[in-house]
Amino acid sequence: MGEGGSSTIHTTPVPKLRWAIFTYAYNWGDCSRAIEAYNAVRRRYGLAPVYNYTELVRGDLTLLPDLPELSGLEESDLPHGYAYTGVVFAIMDLPVPSQVREVFNRAGRKNIFVAMGSSGGEDLLRRVVKYLKDTGEYNVVCATTCILDPAELGEPSRNFFATRFLPAHLVNEKADLAVTHGGQGTVQTAAWAGTPVVGIGMQWEQQANLDGLAKAGMGIRIPLHSVTRDRLLASLKIALTSPYLENASSIRKLVRARDGAVEAVYRMNEFVTKSQRDK
């Protein structure tokens with residue numbers, strides 16, 4: 001049970017390595033200031049301090065919105081009280097703009113969807129889009145979100161369109177490949193669509209998300225400080241080959257076999273019902 005005998009339920013990004021490595025990264029990463037702030041509030045309410053991030057986010061039931069095939073950690077290896085639900089990502093109630101369909105319908109070129117979530121680097125996004133546009137080989141659609149104004153990436157054309165927000169799961173279905181920063185949402189929408197990924201993680205959790213796709217054979221991760229035009233374009237060509245496409249299709253079937261949101265609700269209801277019975 002949680003503080004004061006109440007039940008607590010949390011969802012938290014799934015660990016991507018063995019639990020010891022996950023714990024080490026969380027405990028000794030960039031979370032110390034956040035923990036200090038939480039402990040200041042906890043002291044005010046007479047609560048005992050927490051000493052690491054895993055303590056902070058752990059509930060009596062902790063749901064991991066992911067799959068072992070993507071995380072690299074078998075369900076049997078999870079600590080007590082942790083469970084996978086399957087993927088859970090935002091389904092944006094937005095139509096696919098006509099400009100996206102027009103760009104992706106241009107024959108003779110592969111369709112690339114560029115999405116860096118809300119935490120991708122501004123300079124990185126500019127460079128990636130420029131590298132792709134300059135080749136003249138790809139149809140490129142980009143969702144800039146809050147990173148920058150789409151107009152900063154250039155005027156729309158027959159083979160390029162940028163806007164702030166797009167329904168990523170639907171756009172991924174129309175793309176041949178996604179270039180992403182490795183956030184869980186961008187990774188999961190690509191996996192749901194069966195779209196190979198070339199990714200550039202901004203921090204360790206995103207890097208681990210991308211490593212999960214690489215292990216599954218449907219993605220390539222480029223280290224953040226190793227991004228060059230030649231490396232990006234070479235990675236795209238590899239990720240567009242048959243093995244990656246076939247592996248992405250297999251992952252798509254696994255992802256769609258579980259409804260993460262439904263399973264999360266089921267597990268929470270089950271947990272609460274049992275807790276009430278045990279009182």
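Odds and ends about this structure:
- Residue in region 82-90 that is more than 30 Å from ASN139 (Cα to Cα) and surrounded by fewer than 20 Cβ atoms within 10 Å (Cβ to Cβ) present: yes
- Candidates ARG229, ARG252, ARG221, ARG256, filtered to the one that is under 20 Å from ARG109 (Cα atoms) and modelled with pLDDT of 95 or more: ARG229
- Looking only at region 208-253, residues that are surrounded by 15 or more Cβ atoms within 10 Å (Cβ to Cβ) and either assigned by TED's automatic domain parsing to the domain that holds ASP66 or touching a Phe, Trp or Tyr at 6+ places or on another chain (Cβ under 6 Å) (or both) come to 2 in all.
- Look at (1) in contact (Cβ under 8 Å) with a residue 60 or more places away in the chain; (2) touching a His at 6+ places or on another chain (Cβ under 8 Å); (3) under 18 Å from GLY86 (Cα atoms) and you find that ALA193 fails only one, number (1).
- All of (1) of a type in the set (S, T, N, Q); (2) in contact with a helix residue (DSSP H, G or I) (Cβ under 7 Å, 6 or more places away or on another chain); (3) in contact (Cβ under 8 Å) with a residue 60 or more places away in the chain hold for SER119 with one exception: (2).
- Taken as a whole, region 103-121 holds at least one residue that is assigned to a strand (DSSP E or B), under 29 Å from PRO223 (Cα atoms), in the same structural domain as GLY183 (by TED's automatic domain parsing) and among the basic types (Lys, Arg).
- For region 251-279, the set of residues classified as within 19 Å of LEU67 (Cβ to Cβ) and in contact with an Asp or Glu (Cβ under 9 Å, 6 or more places away or on another chain) consists of ILE251, LEU254, VAL255, GLY260, listed by residue number.
- Within region 62-85, residues that are within 21 Å of ASN269 (Cβ to Cβ) sit with their Cβ atoms under 7 Å from residues that are among the basic types (Lys, Arg) and surrounded by fewer than 23 Cβ atoms within 10 Å (Cβ to Cβ), at 6+ positions apart or across chains, in these pairs: LEU63/ARG267; ALA83/ARG267; THR85/ARG267.
- LEU132 vs. criteria assigned to a loop (DSSP other than H, G, I, E, B), more than 15 Å from the chain's Cα centre (by Cα) and either among the hydrophobic types (A, V, I, L, M, F, W, C) or surrounded by fewer than 20 Cβ atoms within 10 Å (Cβ to Cβ) (or both): no
- Positions within region 43-81 being surrounded by 13 or more Cβ atoms within 10 Å (Cβ to Cβ) and out of contact with any helix residue (DSSP H, G or I) (no Cβ under 9 Å at 6 or more places or on another chain), in sequence order: ARG58, GLY59, THR62
- When ILE147 is tested against (1) touching a residue at least 40 places away in the same chain (Cβ under 8 Å); (2) of a type outside the set (Gly, Ala, Ser); (3) touching a Gly at 6+ places or on another chain (Cβ under 9 Å), only condition (1) is not met.
The values are calculated or read from the model by the stated rules, or taken from the named source; none is laboratory data. Remember, predicted model here, so these are calculated numbers, not experimental data. Here the Cβ is made from the backbone with ideal geometry for all residues, glycine too, and neighbour counts use every protein chain on show.
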